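One structure is given here, and the rest of the page talks about it.
What follows is calculated from the coordinates using simple rules that are stated; it is not laboratory data. Source: prediction; values computed, not measured. Note that each Cβ is placed from the backbone with ideal geometry, even for glycine, and that neighbours are counted across all protein chains shown.
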Amino acid sequence: MPAIVLVGAQWGDEGKGKATDLMGEDVDYVVKFNGGNNAGHTVVIEAEDGSREKYALHLLPSGILTPSVTPIIGNGVVVDLEVLFEELDGLNARGVDTSKLLVSANAHVIAPYNRTLDKVTERFLGARKIGTTGRGIGPTYADKMNRVGIRIQDIFDEGILRQKVDAALALKNQVLVKIYNTRAAEADRVVEELLSYADRLRPMVADTALVLEKALNEGQNVLLEAGQATLLDVDHGTYPFVTSSSATAGGACTGSGIPPTRVSRVIAILKAYTTRVGEGPFPTELDDDNGEFLRKTGAEYGTTTGRPRRCGWLDVVIGRYATRINGVTDFVITKLDVLTGLPKVPICVAYDVDGVRHDEMPVGQSDFHHATPIYEELDGWWEDISGCRTFEDLPANAQAYVLRVEELIGARVSAIGVGPGRHEIIERHALLD
Ligand code: IMP
């Protein structure tokens, strides 16, 4: 079987769990290929008695909760080892078996000094801050590109680890002390902390690209799941208000070691409205009662930082862009139920930038900052849709909304989320062949 890529179409928090729930037991491997514990997905598991339990995962791939899945942390990920073991311990305490987890030997480690640097840099930037999650993501990817990063495999060679930490700190301590006026990191303590994880880590570490190659050759289903989303991608997002990794479909290949020729489908998750956390441009943002309505009804508060998310109407200029950049074959629309009860449901179909209509993302970032949405208003619906399980069950106006979105984004809508529970979804086309 070929590999399937799953990405977010907007600025993250689209609810990728909906798609993974739908594929469920049919997926054999779930690979996280970018980002680190800046992500946050809340997974709702329904027990047989109907009770619901919520799991908040930041670093671990969502597949960790499905016993038949082998979860993989790919080479493109940056790993905070403290968080890794905290999450594993938390799941183990709730009876979840995590023993199948594999971690790429080439993934990079978030060293404690990079967490510090992330926070002090943001403080230093003041009004120009990015609004990062403060988890050390940016500085760790910067080290990777600067070739002074620490990789998972380095933890098993004390001599090498010490050399690398010394090399990284030679410059960083100057910056920490002289520019940011904070304490220098002590190399010995850093090395000691990282080494303390070695024994627990060793059995999980593998050449995950090779494991995946074999799995694909054996006909297994491999799902490559992006952290963050298209507009947070370091190349294709709203730079500099982005994360520091490749969150689009191309990143799935570099971040996992699976070649592009093995990817057969790209599934993108599109929330029925738009949210964003952190700073940066957001043309359809609402600062009024409608924004508050979306935040409250959609429970739009960050899983990782608890920050209220910025909310706005659906923007299909962004949807189309996501289709193009990722080569999307299937969309999953999530949280359609949140729009229930609105008399009119606006969709942003284009932008006005200084009197000029833009149907595609403006070339220059400054234009995107000035973009005023051009809306098309569709009639809303009042009926509770959470019990709908086929497209035809939806009220006529909700159907019309989905069909119009499908037409505008240029790829088929294969599933629609109608509630937070695992089964509150309408499947129009199977996500797995
Ligand atoms: P960083 O990834 O911590 O460096 O943060 C960079 C930007 O990406 C900030 O605007 C964050 O709020 C945003 N970001 C990072 N992870 C997520 C996510 O999982 N969902 C939504 N936004 C995110």
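Which whole-number percentage describes the relative contact order of the stretch 73-196, with Cα contacts under 8 Å and a sequence gap of 6 or more?
Working: 140 pairs, mean separation 28.9, N = 124.
Normalised by residue count, the contact order of the stretch 73-196 is 23 percent.
Spin-label point model (7 Å from Cα, Cβ direction): what's the residue 430 to residue 123 distance in nm?
About 5.5 nm, to one decimal.
Determine, from the Cβ-Cβ distance of residue 386 and residue 49 and an R0 of 25 Å, the FRET efficiency 1/(1 + (r/R0)^6), rounded to the nearest 0.05.
Calculated value: 0.80.
Under 20 Å from a label point 7 Å along Cα→Cβ of residue 296: give me every residue in the stretch 343-371 with its amide N that close.
Residues 343-346 qualify, since their backbone N sits under 20 Å from the label point.
Per 0.36 nm of contour for each residue apart, how much would the distance between residue 92 and residue 303 grow if the chain were fully extended, relative to their Cα-Cα spacing?
73.9 nm
Antiparallel versus total DSSP beta bridges in the chain: what percent is that, nearest 5?
40 percent
May I ask you to sort 156, 368 by Cβ crowding, counting other Cβ atoms within 10 Å and putting the fewest first?
Numbers: 156 15, 368 20.
Least crowded to most crowded, the residues run 156, 368.
Could you grab the relative contact order for the chain? Cα pairs under 8 Å, six or more apart, rounded to a whole percent.
Taking the mean separation of contacting Cα pairs over the length of the chain, I get 20 percent.
By the gyration tensor of its Cα atoms, with a ≥ b ≥ c the square roots of the eigenvalues, what is the shape of the stretch 1-153: rounded for a/c under 1.5, prolate for a/b over b/c, or oblate? Write out the running numbers ahead of the final one.
Values: a/c = 1.84, a/b = 1.62, b/c = 1.13.
Prolate is the answer for the stretch 1-153, as a/c is 1.5 or above and a/b outweighs b/c.
For the chain, what are Rg and Dmax over the alpha carbons, in angstrom?
Computed over the Cα atoms of the chain, radius of gyration and Dmax are 21.7, 67 Å.
Step through the residues of the stretch 423-428 one at a time and calculate ³J(HN,Hα) from phi using the Karplus curve (6.51 cos²θ - 1.76 cosθ + 1.60, θ = phi - 60°), rounding each to whole Hz and writing x for Gly and Pro.
Using θ = phi - 60°, the values come out as 9, 7, 8, 10, 9, 9 Hz.
Over the Cα atoms of the stretch 128-269, what radius of gyration and what Dmax do you get, in Å?
Both quantities, over Cα of the stretch 128-269: 18.2, 55 Å.
Using a/c under 1.5 as the rounded threshold, could you call the stretch 228-277 rounded, prolate or oblate? The axes a ≥ b ≥ c are square roots of the C-alpha gyration tensor eigenvalues, and prolate needs a/b larger than b/c, oblate otherwise.
Oblate, because a/c is 1.5 or more while a/b does not exceed b/c.
What pairs in 32/129; 18/119; 32/144; 32/214 have C-alpha atoms more than 25 Å from each other?
32/129; 18/119
For the stretch 1-74, just say rounded, prolate or oblate: build the C-alpha gyration tensor, square-root its eigenvalues into a ≥ b ≥ c, call rounded for a/c under 1.5, and beyond that prolate if a/b exceeds b/c, oblate if not.
oblate
Show the residues, 5+ positions off or on another chain, whose built amide H is closer than 5 Å to the amide H of residue 305.
Distant-sequence amide H within range of residue 305: zero hits.
Convex hull over the Cα atoms of the stretch 352-391, averaged projected area in nm²?
Values: hull surface 20.1 nm².
With the hull built on Cα positions only, its mean projection is 5.0 nm².
Which whole-Hz couplings ³J(HN,Hα) result when phi for each residue of the stretch 255-261 is put into the Karplus expression 6.51 cos²θ - 1.76 cosθ + 1.60, θ = phi - 60°, listed in order with x for Gly and Pro?
Calculated HN-Hα couplings, in order: x, 10, x, 8, x, x, 5 Hz.
Non-local amide H neighbours of residue 334 (under 5 Å, H modeled in plane, Pro and chain starts lacking H): which ones?
Long-range HN contacts for residue 334: 270, 271, 272, 417.
What's the ranking of 141-152, 325-336 by average number of surrounding C-beta atoms within 10 Å, highest first?
325-336, 141-152
Report the semi-axes of the equivalent ellipsoid for the stretch 108-204 in whole Å, largest first, where each axis is √(5λ) for an eigenvalue λ of the Cα gyration tensor.
25, 15, 11
Where does helix 81-93 land angle-wise versus the long Cα axis of the chain, in degrees 0 to 90, nearest 10?
Approximately 60 degrees, to the nearest ten.
Remind me, relative contact order of the stretch 321-433 in percent, using alpha carbon pairs under 8 angstrom and six or more residues apart?
33 percent
For the residues 132, 303, what sequence is obtained by ranking on other C-beta atoms within 10 Å, fewest first?
Ranked by crowding around the Cβ, least crowded first: 303, 132.
Kirkwood hydrodynamic radius (Cα pairs, Å) of the stretch 289-373?
14.8 Å
Hey, what's the Kirkwood Rh for the stretch 289-433 if you take every pair of different alpha carbons, in angstrom? Mind showing how you got there, number by number?
Working: mean 1/r = 0.0609 Å⁻¹.
Across the stretch 289-433, the inverse of the average 1/r is 16.4 Å.
With a 10 Å Cβ neighbour count serving as the proxy for reagent exposure, in which order, fewest first, do 344, 164, 16, 32 appear?
Exposure proxy ranking, most exposed first: 344, 164, 16, 32.
Roughly how big is the stretch 108-204's charge dipole about its Cα centre, with Cβ charges of +1 (Lys, Arg) and -1 (Asp, Glu), in debye to the nearest 20? The partial results should precede the final answer.
On the way: 17 positive and 12 negative charges, 107 e Å.
Taking the Cα centre of the stretch 108-204 as origin, the dipole is about 520 debye.
Just name one of 336, 109, 51: the one whose Cα is farthest towards the positive end of the charge dipole of the chain (beta-carbon charges, Lys/Arg +1, Asp/Glu -1).
After comparing all options, I get 109.
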